[in-house]
Amino acid sequence: MPTRGLTFDQFALGDRFVSQSRTVTEADVVAFAGLSGDFNPLHTDAEFGRQTPFGERIAHGMLIAAMATGMANWTGVFEGTTLALMEQIIRYKGAVRFGDTVHLELEVLEKKPTSKPDRGVVRFAARVLNHRQETVIDGEWTLLMRNG
């Protein structure tokens with residue numbers, strides 16, 4: 001069955017992939033709080049949020065990281081060719097407010113063949129930027145990818 005995703009051998013150092021954008025809503029934050037059990041008032045209490053340095057509630061960092069995995073899927077790069085997400089390094093660089101629009105940018109940093117010829121490891125820089133082009137997450141993803 002043909003796949004849309006890229007295989008290990010099709011990635012080149014420096015390749016860049018940019019996802020479409022999505023706006024983070026209050027409904028997203030409420031749903032994530034319910035799923036995760038994280039009802040920290042920083043995310044769920046408007047009065048508390050006004051007292052913080054942000055001046056309002058902000059989205060959970062892990063929500064934005066989870067959204068980034070979905071945005072990666074939208075690119076089609078990983079569709080049917082990813083064998084495993086091996087590691088994620090997440091550095092939170094800025095707050096995401098309700099109504100912010102974010103997108104994901106990936107860049108191939110490193111490729112390593114494995115002892116098995118049908119797979120290889122690809123490391124990506126993974127950045128989430130808001131609509132002001134400010135980096136809100138700066139990280140790295142390491143994936144085990146199907147080869148040729």
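Laboratory data are not the source of any read-out in this text; all were calculated from the coordinates shown. Predicted, not measured: the structure shown is a model, and the values here were computed from it. Cβ: placed from backbone, ideal geometry, glycine included. Neighbour counts: every protein chain shown.
I need the phi-derived Karplus couplings for region 129-146: 6.51 cos²θ - 1.76 cosθ + 1.60, θ = phi - 60°, integer Hz, Gly and Pro marked x.
Computed from phi, the couplings for region 129-146 are 10, 8, 5, 9, 6, 8, 6, 9, 9, 10, x, 9, 10, 10, 10, 8, 10, 4 Hz.
Helix 61-75: angle to the longest alpha-carbon principal axis of the chain, degrees 0 to 90, nearest 10?
Helix 61-75 sits at roughly 40 degrees to that axis.
Quick one: net charge around residue 14, please, counting Lys, Arg +1 and Asp, Glu -1 for every other residue with C-beta under 12 Å from its C-beta.
The answer is -1.
On C-alpha positions alone, give me the angle between the axis of helix 26-36 and the longest principal axis of the chain, in degrees, nearest 10.
The helix 26-36 is inclined about 70 degrees to the chain.
What distance in nm separates the two pseudo spin-label positions at residue 40 and residue 97, each 7 Å out from Cα along the beta-carbon direction?
1.9
Summing Lys, Arg as +1 and Asp, Glu as -1, what charge do residues with Cβ under 12 Å from the Cβ of residue 33 carry, residue 33 excluded?
Neighbourhood net charge equals -3.
As an exercise, use a Förster radius of 22 Å and the Cβ-Cβ distance of residue 10 and residue 69 to find the FRET efficiency, rounded to the nearest 0.05. Walk me through the intermediate numbers first.
Working: r = 20 Å, r/R0 = 0.93.
Rounded to the nearest 0.05, the efficiency is 0.60.
Could you point to the label whose value was computed as mean projected area of the Cα convex hull in nm² for the structure here, given (1) 12.7; (2) 8.8; (3) 9.5?
Calculated mean projected area of the Cα convex hull in nm²: the matching label is (3).
What value, in deg cm²/dmol to 500, does the helix sum -39500 (n - 2.57) over DSSP H runs of n ≥ 4 give at 222 nm once divided by the residues of the chain?
So the helix-based figure for the chain works out to -6500 deg cm²/dmol.
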